[in-house]
Amino acid sequence: MKTIKSMNAFKTSYIADIKERLGFKVRVSPRRKNSERKIKCPDFHAKFISEAIKILQKEGKPLTYRNIQEKAFKLYQKTQSENKVKKYFNSIKVNKSLSKEEIKDILDSEVFELES
């Protein structure tokens, strides 16, 4: 999957599709020829959009397309940074002669910075 560099990757048609799936009232374009959507939201984007909608509802913020795009993009960025952390810590080789307490002290004392 390509990395997402802009919140505009969460297209308004994707958001409308998810809002419709969740039971929200969505305006239907007068130019639409049939009742079915041409563009369906991919599963990869769907999980971020639906989570963004749930969070915005809990916060009591309006469910505008812009708010949903921003929140979904922030959620995506958060998962990407968590993946970098997991990848980094999984690549650390630990000296087997160290005790668990010594390893814990090393991890607590070091400041690990991730590449941007």
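Just a few scattered comments:
- If you plug the beta carbon distance of residue 36 and residue 70 into 1/(1 + (r/R0)^6) with R0 = 35 Å, you get a FRET efficiency near 0.75.
- Applying 0.36 nm per residue to the separation of residue 24 and residue 5 and subtracting their alpha-carbon distance, the gain on full extension is 4.0 nm.
- Cross-link check: pairs 38/71; 74/100; 78/104 evaluated at a Cα-Cα cut-off of 31 Å; pairs beyond the cut-off: 74/100.
- Segments 26-33, 50-57, 37-44 sorted - mean Cβ within 10 Å per residue, highest first: 50-57, 37-44, 26-33
No value in this document is a laboratory result; all are computed from the given coordinates. All figures in this text were calculated on a predicted structure; none of them were measured in a lab. When we count neighbours, we look across all protein chains shown, and the Cβ atoms used for this are built from the backbone with ideal geometry, even at glycine.
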